Amino acid sequence: MIGKISAVITATTILFLGSNAVQGAKLTFDDLITGQTSYGFDGDADSIDDVIFSTVDPAGFNTIGPGPNMTYINEPGLEGTALLATDLRVDFTFGAAASLKFGFALDSFGDDKTAGYPYAEFKVYDTGDTLIASQKVDGYYTAIDGGFSTYPEGEISVTFSGLAAYATFDFQSDYGRFIIDNFEGTFGSTEDPPIHTTPDGGSCLMLYGLAFLGLGTVRRLLRQE
Ligand SMILES: [Ca+2]
Ligand SMILES: [Ca+2]
Ligand SMILES: [Ca+2]
């Protein structure tokens, strides 16, 4: 009997989770405007930005820099100063789940690690300001058609459990500039229903419907015993 009830509950759970279509998003910064100090991404077009990049540099962001001969950057990207301890911050209005990935390039004449740079460091925090992921990656000239990339570059890729609330970026380079592109993650707006909130009215009705369905099946199974 317990086995039958357990099977029903499992089937109900699978049905409900199956409605949670999790999708990722990739930010390509095509619509970033030069001079802005923040850039918002609204994946579900509900007029609430789900991912917000910001800098304390009053000069704001640029959109180009390294040119076309790069592996991880497809201009336009998000370009800014590397002279701060925290050069860039990203906030996830509804959280970010599972993983984050992006390409970076650094305005340096070399990738000689005896100088200790160029590099990118990325730190991910939850709502309690607890560090849940971090990665530091050195920039190198990458192989491209006909030679090497114009500037040192690399890719940051982190995984984590729980929900990320925000992340910080620190870059170091000879000439004090960085650019990032192709920022990938699973953000609140891209799931249906959102992963960060309780189900909306429609989802609740569906959940309750499934629960009643499950109870009815259990009752039928009990009667059959
Ligand atoms: Ca781009
Ligand atoms: Ca939104
Ligand atoms: Ca820096």
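Since every read-out is calculated from the coordinates, none of them should be taken as a lab result. Bear in mind the structure is a predicted one, so any value in this text is a computation, not a measurement. Neighbour counts run over all protein chains shown; Cβ positions are idealised from the backbone, glycine included.
Yes or no, residue by residue, for (1) more than 16 Å from ligand 1 (Cβ to nearest atom); (2) surrounded by fewer than 19 Cβ atoms within 10 Å (Cβ to Cβ):
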{"site": "Phe61", "(1), (2)": "no, no"}
{"site": "Asn69", "(1), (2)": "no, yes"}
{"site": "Tyr72", "(1), (2)": "no, no"}
{"site": "Asp87", "(1), (2)": "yes, no"}
{"site": "Phe92", "(1), (2)": "yes, no"}
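Looking only at the stretch 50-103, which residues are of a type in the set (A, V, I, L, M, F, W, C), part of a loop (DSSP other than H, G, I, E, B) and more than 16 Å from ligand 3 (Cβ to nearest atom)?
We begin by selecting, within the stretch 50-103, every residue of a type in the set (A, V, I, L, M, F, W, C); these are 51-53, 56, 59, 61, 64, 70, 73, 78, 82-85, 88, 90, 92, 94, 96-98, 100, 102.
Next cut, part of a loop (DSSP other than H, G, I, E, B) only: 56, 59, 61, 64, 70, 73, 82-85.
Ile64, Met70, Ile73 - these are the residues of the stretch 50-103 that are of a type in the set (A, V, I, L, M, F, W, C), part of a loop (DSSP other than H, G, I, E, B) and more than 16 Å from ligand 3 (Cβ to nearest atom).
When you look at Tyr151, is it closer than 29 Å to Phe187 by Cβ, over 24 Å from the mean Cα position of the chain (by Cα) and among the aromatic types (Phe, Trp, Tyr), yes or no? Answer is yes for this residue.
Residues that are within 15 Å of ligand 2 (Cβ to nearest atom) and farther than 19 Å from Glu153 by Cβ occur at least once in the stretch 51-63. Considered as a group, the residues in the stretch 32-45 that are closer than 27 Å to Val137 by Cα and within 16 Å of ligand 2 (Cβ to nearest atom) include one that is nearest to the chain's Cα centre (by Cα), and that residue is Phe41. In the stretch 140-150 there is no residue that is within 20 Å of Leu88 (Cβ to Cβ) and touching a Ser or Thr at 6+ places or on another chain (Cβ under 9 Å).
Please find, among Val124, Val137, the residue that is within 16 Å of ligand 3 (Cβ to nearest atom), hydrophobic (A, V, I, L, M, F, W, C) and touching a residue at least 12 places away in the same chain (Cβ under 8 Å).
On the way: Val124 fails: within 16 Å of ligand 3 (Cβ to nearest atom).
It is Val137.
The set of residues from the stretch 46-59 being surrounded by 14 or more Cβ atoms within 10 Å (Cβ to Cβ) and within 19 Å of the chain's Cα centre (by Cα) comprises Asp49, Asp50, Val51, Ile52, Phe53, Ser54, Thr55.
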